[in-house]
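Engineer: There's a structure below that I have some questions on.
The values are calculated or read from the model by the stated rules, or taken from the named source; none is laboratory data. None of these values were measured; they are calculated from a predicted model. Note: ideal-geometry Cβ built from the backbone for every residue, glycine included; neighbour counts use all protein chains shown. Please note that ligands, DNA and RNA were not included when accessible areas were found on the heavy atoms of the full protein model with its side chains. Shrake-Rupley method; radii C 1.70, N 1.55, O 1.52, S 1.80 Å.
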Amino acid sequence: MSASKSPGPFIWLCILLVTGILLYFAKSILWLVMPMMIAVVQYYILIPVLKQFVLMGLSFRQAAASVMGLLFLVIVVALILIVPYVSDYSNSWQSSIGRYGDGGISFLDKSLLNLESHFVYLKKIHFHQKISGALINFTAHFAEQHAGEIFMTIAKWLPSLLLVPYLTYFLLIDGSKFKRFLVQAVPNAFFEKTLYLFHRLNEQLRRYFQGMLMLTVLDGITLAIGLSLLGFDHVLLLSVLTAVFAWIPYLGSLLGCLLVVLVAATDFPTQPWMAYGVFVLFIFVRILDEFIYMPLTLGKSLRMHPVVSVVMLLVGGAIGGVSGLFLVMPLLGMVMVVGEVLGQILSDQRLLARHRYAMELRSNAANEGLS
Amino acid sequence: MFFRTRKKESPHQSLKSFVLFQNLNSKELARLSSLLHYRSYLKGEIVFDEGEEGQGLFLVASGAVSISGKGSFFASHSVSIKRGEFFGEIALLENVPRSAQARATEDTELISLFRADFFNLLETDGKIAAKISLQLARYLSKRLKETIQGKE
């Protein structure tokens, strides 16, 4: 079997369709899909730690329990450090959000007026008036229209997030049992290919999630250095937020950049070059990502054609909203590997013939002595 | 329910009957057991074809398997693998096409050890993997000697 045989257009079409359908169904059970996704991410991140514990002489079960204990400890310590910070700033945060919103609108206002002064055509169509009006209208009614909805979503999600450590623990101790259970159901003719499929799927996801974590750390450090050189406050918070946004390919960097531009426009209203500095920094980080960080961390895992990535991101956003944007790439990666190998299995006439022959043998054995 | 039943031999203890695993203790056998796949084949069913990319080795738990092929060695020989023996061992070590076809000559139970799981074992449980590797090396050296003697 040739593992490297690339799938044809029909298989690719099936892969894209199945990803869309899965996203559509995942949307209605997001309360379960998201904790499972986070648990899978945690599983792949914790696997190297688990291996270290096993190497130190612990049994597999003891190592899994120790890893979860360590994770719990890290979360508790992080909460102890973060909670006082959050409660200290909680009052000022609400006003800060409004302030940064106003700052962003003011920056946009100035930029649009500037554009109008250079391009008469834009002035004729009242470009500045239309855009500013729509934006002010949106921000004015945003809180009253969506605040309740956002609060309810958070309240609905919090209990399901408690599932995450539970799911992670069982993935750590029973992940291989679950794989064996699934492989058991596969007919003999496809057994070895299915093992290969699981192996590739596992490797792809492991490389992707571990790589994404490394990429987030590298992006976070680079952005933190860049933002502190530019003279920003709350550098850690900004760099972590923008690095997490970068999990959404292409679009995430843009969102992160816009967020920091808002901060720049508000905190430094008289220094427009700060906002342009942020643009330059993000372009620099994007170049670093493309040529150094991504080859170092993600390698060839889930690297697909940029057009396919962008189209699937748009599809993911349209079907699943913000969660769809985060889910679509790992989901597409999984479906891609399954699709590729299933395509190879289903187009392998010899394997299909072997399966038919085995079924005939089984049928003959079952019918023996009946007539 | 008030009678104490005789303690049964744990399922992984039966693995000790295989030459490849005979040096493993009961704890190591239990660990290894969680990586093995158990498959049933009917008489005449093909386990794998010549030229197919192999993913691991097979151990015969019951029944028998015949190995035959078009290659220089197997064209003239058809080897029968019986209970307690194993085949497809090269695929455990490297990603190469199978050198012959394997077919069950009677209703057969096989146990499979997948290459990726074995490599994983090398990382996490080096001792178990080393014991298996040593037994495999002994087996391969014995086969090499037999081949050389056969040529002489």
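Engineer: Please list, by residue number, every one of the trypsin sites (Lys or Arg not before Pro) in the range B:31-66 that is coil in DSSP and has at most 15 other beta-carbon atoms within 10 Å.
Structural biologist: Numbers: sites: B:31, B:39, B:43; in loops: B:43.
When the trypsin sites (Lys or Arg not before Pro) of the range B:31-66 are filtered for loop state and at most 15 Cβ neighbours within 10 Å, B:43 remain.
Engineer: Between chains B and A, what is the buried accessible area summed over both chains (1.4 Å probe, protein heavy atoms, nearest 100 Å²)? List each step's numbers first, then the result.
Structural biologist: Details: alone 9770 and 23040 Å², together 30220 Å².
Chains B and A together bury roughly 2600 Å² of accessible area.
Engineer: Run the count for chain A, please: Lys pairs, Cα-Cα under 18 angstrom, 8 or more apart or on different chains.
Structural biologist: Numbers: A:5/A:193; A:5/A:300; A:27/A:156; A:51/A:177; A:110/A:123; A:110/A:124; A:110/A:130; A:179/A:193.
Close lysine pairs under the 18 Å cut-off: 8.
Engineer: Next up: Can you give me the solvent accessible area of residue B:85 with a 1.4 Å probe, rounded to the nearest 10 Å²?
Structural biologist: Its accessible surface works out to 80 Å², give or take rounding.
Engineer: Can you give the angle from 0 to 90° between the axis of helix A:306-346 and the longest principal axis of chain A, with both taken from C-alpha atoms, to the nearest 10?
Structural biologist: 20 degrees
Engineer: Would you list B:60, A:311 from the most to the least accessible area, probe 1.4 Å? The partial results should precede the final answer.
Structural biologist: Numbers: B:60 0, A:311 75 Å².
Reading off the accessible areas and sorting them downward yields A:311, B:60.
Engineer: Here is a follow-up. Quantify how strongly other chains surround peptide A:190-197 by giving the mean number of their Cβ atoms within 10 Å of each of its Cβ atoms.
Structural biologist: Values: counts 0, 7, 14, 3, 1, 8, 8, 0.
Taking all residues of A:190-197 together, the mean is 5.
Engineer: If you don't mind, another one. Using helices alone, what [θ] at 222 nm do you get for chain B, with -39,500 (n - 2.57) per DSSP H run of 4 or more residues, divided over all residues and rounded to the nearest 500?
Structural biologist: Values: 4 runs with 48 residues, N = 152.
Calculated at 222 nm, the ellipticity per residue is -10000 deg cm²/dmol.
Engineer: What is the local net charge at residue A:350, summed over the other residues whose Cβ is closer than 10 Å to its Cβ (Lys, Arg +1; Asp, Glu -1)?
Structural biologist: Details: positive: A:354; negative: A:348, B:49, B:52.
The answer is -2.
Engineer: Next question, about the same structure. Whole percent per 20 Å bin, from 0 to the bin with the longest distance: what is P(r) over all C-alpha pairs of the protein assembly as shown?
Structural biologist: 16, 43, 27, 12, 2
Engineer: Continuing with this model, one more query. Working with all protein chains in place, sort A:255, B:92 by solvent-accessible area computed with a 1.4 Å probe, largest first.
Structural biologist: Values: A:255 75, B:92 0 Å².
Heavy-atom accessible area, descending, gives A:255, B:92.
Engineer: Let me ask you something else. Please identify, among A:211, A:324, A:133, the residue showing maximal mean-square fluctuation in a Gaussian network model of chain A using a 10 angstrom Cα cutoff.
Structural biologist: A:133
Engineer: Longest exposed-loop-site-free stretch of chain A, with trypsin sites (Lys or Arg not before Pro), DSSP loop and at most 14 other Cβ within 10 Å?
Structural biologist: On the way: sites that count: A:5, A:300, A:303.
Longest run free of exposed loop sites: A:6-299.
Engineer: So, one more: Could you pull out every residue, at least 5 positions away or on a different chain, whose amide H is within less than 5 Å of the one on residue B:106? Hs are placed 1.01 Å off N in the peptide plane, and Pro or chain starts have none.
Structural biologist: B:44, B:64
Engineer: What number comes out for the charge environment of residue B:56, summing +1 per Lys or Arg and -1 per Asp or Glu over other residues with Cβ under 10 Å away?
Structural biologist: -2
Engineer: Could you pull out the longest piece of chain B with no exposed loop chymotrypsin sites (Phe, Trp or Tyr not before Pro) in it, calling a site exposed if DSSP puts it outside H, G, I, E, B and it has at most 15 other Cβ atoms within 10 Å?
Structural biologist: Details: sites that count: B:2, B:3, B:73.
It runs B:74-152.
Engineer: Please report the accessible area of residue A:334 (heavy atoms, 1.4 Å probe, ligands and nucleic acids excluded) in Å², nearest 10.
Structural biologist: 50 Å²
Engineer: Next up: Sum up the charges of everything whose Cβ sits under 9 Å from the Cβ of residue A:192, counting Lys and Arg as +1 and Asp and Glu as -1, but leave residue A:192 out.
Structural biologist: -1
Engineer: With all protein chains present, calculate the accessible area of residue A:125 using a 1.4 Å probe and round the result to the nearest 10 Å².
Structural biologist: Ignoring ligands and nucleic acids, residue A:125 comes out at about 60 Å².
Engineer: Something else now. Please check chain A for the longest run free of chymotrypsin sites (Phe, Trp or Tyr not before Pro) that are loop-located per DSSP (anything but H, G, I, E, B) and have at most 13 other Cβ atoms within 10 Å.
Structural biologist: Values: sites that count: A:119, A:250.
Here the longest segment lacking exposed loop sites spans A:120-249.
Engineer: Additional query: How high is the relative contact order of the range B:15-151? Use alpha-carbon pairs under 8 Å, at least six apart in sequence, and give a whole percent.
Structural biologist: 32 percent
Engineer: Also, I was wondering about something else. Restricting to lysines 8 or more places apart or on different chains, can you count the pairs in the range B:15-151 with Cα atoms under 14 Å from each other?
Structural biologist: Values: B:16/B:27; B:16/B:131; B:27/B:127; B:27/B:131; B:43/B:82.
Lysine pairs satisfying the spacing and distance rule in the range B:15-151 number 5.
Engineer: Work out the mean other chain Cβ neighbour count within 10 Å for the residues of B:47-58 and drop it here as an integer. Mind showing how you got there, number by number?
Structural biologist: On the way: counts 5, 5, 5, 0, 2, 6, 6, 3, 8, 3, 0, 1.
Mean shielding by partner chains, rounded to a whole number: 4.
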